[in-house]
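Input: a single structure, listed below in structure tokens.
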Amino acid sequence: MLLKEGTFIEEAKQAKFQPNVILQIIIFIGLVIGLQIGTGIILGILYIILGVDFTSIDNALLQLAGLYMTIIPMTGVILYCRYIEKRSLTSMGFVRKGAVKQYLIGFGVGILFFSAAVGVTFLLGGVQYQGFTLGKNTGWILVFLFAWLFQGMEEEVLLRGYLMTSLSNKIPLWAAVLINSVGFSALHLFNSGISILAVINLCLFGLFASVYTVKTNNIWGIGAFHSAWNFVQGNIYGILVSGTSAGSSVLVFEPKGDSFISGGTFGLEGGIAVTILFSIAIIGLLVWKGKTVEHAEEIYTA
């Protein structure tokens, strides 16, 4: 059993607006598309005001701006849950007790987990070390770090804090976990270098993230894990993040050999090492007893 008494999942059952599964999925898709369009418009207006020359701007700057702007869809989804579904912040996983500790643990686990993926892939001959490139890039890497903090949390709020939790009001939690995991994978279908194994791995990431969220009873840990995973992948090891370059990095690892091992142009997330590691991690989480909220007054219920 995933669910325990006193969890934030149960808190979500107090929502005033609980649409059926089909309507909820339609609302989710509409929110994602609408908020992305809105974000693009706002970003475009800012570029015009700032007089940005798109013919000469660095791609890394464009990506960096996009990462920071993920705060807009994240805020939009939180407002939807608060004022349309009438859900508390707790029901989205924003539990107050132990928030800092959970965030730091999640960030550390994310670093170790991706480092393990690099190690396994390296041993299998899927990547090769090209060198140390930090130099004058320290400032840029720190700027990217903060950007990933927003981006990682945004995807977790959308998929785990909102979709999975809202769906669990109408269907069993295991079904909500599966649906939001497939949804997470679907959001990346148009990324460069996507492959069948990459799609499978994205689903596994979604399953891992969902179970991690439920077992730890908060959104902080998995949000930090997601941010650390992307940051370390792109700006520490210099590996493509879901098919996208992350600009400056401390190290440079390049794929080599069979894409089944290296992940090809999608990055390690398209390789077998990630498949193995997430499969093991999901089983481990399911066996782990997890946590529960014993006293309602100890959680944030704004």
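Before moving on, here are some points about what is shown:
- Lys pairs under 30 Å by Cα in segment 150-302, provided they are eight or more residues apart or on distinct chains: 5
- Share of carbon and sulfur in the accessible heavy-atom surface of segment 158-302 [1.4 Å probe, %]: 69 percent
- Built amide H within the under 5 Å cut-off of GLN128, gap 5+: GLU254, LYS256
- Solvent-accessible area, 1.4 Å probe, carbon plus sulfur percent, for segment 28-133: 74 percent
- Relative frequency of Cα-Cα separations exceeding 24 Å in segment 179-280, percent: 19 percent
- Equivalent ellipsoid dimensions for segment 120-222 as semi-axes, Å, which come from the Cα gyration tensor, largest first: 30, 19, 13
- Over the chain: helical MRE at 222 nm, DSSP H runs n ≥ 4 each giving -39500 (n - 2.57), nearest 500: -18500 deg cm²/dmol
- Kirkwood Rh and Cα Rg combined as Rg/Rh, the chain: 0.97
- Highest mean first, the peptides 144-153, 185-194, 93-102 sorted by other C-beta atoms within 10 Å per residue fall in the order 144-153, 93-102, 185-194.
- Peptides 239-251, 75-87, 264-276 ordered by average Cβ neighbours within 10 Å, highest first: 264-276, 239-251, 75-87
- This model, with +1 at the C-beta of Lys and Arg and -1 at the C-beta of Asp and Glu, gives segment 169-302 a dipole about its Cα centre of some 180 debye.
- Förster-model FRET efficiency, 22 Å R0, PHE122 and SER192, C-beta, rounded to 0.05: 0.45
- Among 25-32, 219-226, 108-115, sorting by the average number of other beta carbon atoms lying within 10 angstrom of each residue, highest first, gives 219-226, 108-115, 25-32.
- Just so you know, the averaged projected area of the alpha carbon convex hull for segment 82-142 sits at 7.8 nm².
- Across the chain, C-alpha contacts under 8 Å between residues 6 or more apart give a mean separation that, scaled by the residue count, equals a relative contact order of 28 percent.
- Counting only Cα atoms, the size of segment 54-188 along its three principal axes is 51, 40, 32 Å, in decreasing order.
- Heavy-atom accessible area per residue - the chain, 1.4 Å, Å²: 46 Å²
- Note on PHE146 and THR75: the extension gain reaches 23.9 nm, defined as 0.36 nm multiplied by sequence separation minus the Cα-Cα distance.
- Whole-Hz Karplus values for segment 15-32 come out as 4, 7, 10, 10, x, 5, 4, 4, 5, 4, 5, 5, 4, 4, 4, x, 5, 4 Hz, taken residue by residue from phi with 6.51 cos²θ - 1.76 cosθ + 1.60 and θ = phi - 60°; glycine and proline positions read x.
- Summarising the amide proton neighbourhood of VAL95: residues at separation of 5 or more, or on other chains, whose placed amide H is nearer than 5 Å comprise ILE219, TRP220.
The values are calculated or read from the model by the stated rules, or taken from the named source; none is laboratory data. All of these numbers come straight from a predicted model, not from anything done at the bench. Cβ sites come from the backbone with ideal geometry, for glycine too, and all protein chains shown count toward neighbours. Just so you know, the surface numbers come from the protein's heavy atoms only, side chains and all, with ligands and any DNA or RNA stripped out. Shrake-Rupley method; radii C 1.70, N 1.55, O 1.52, S 1.80 Å.
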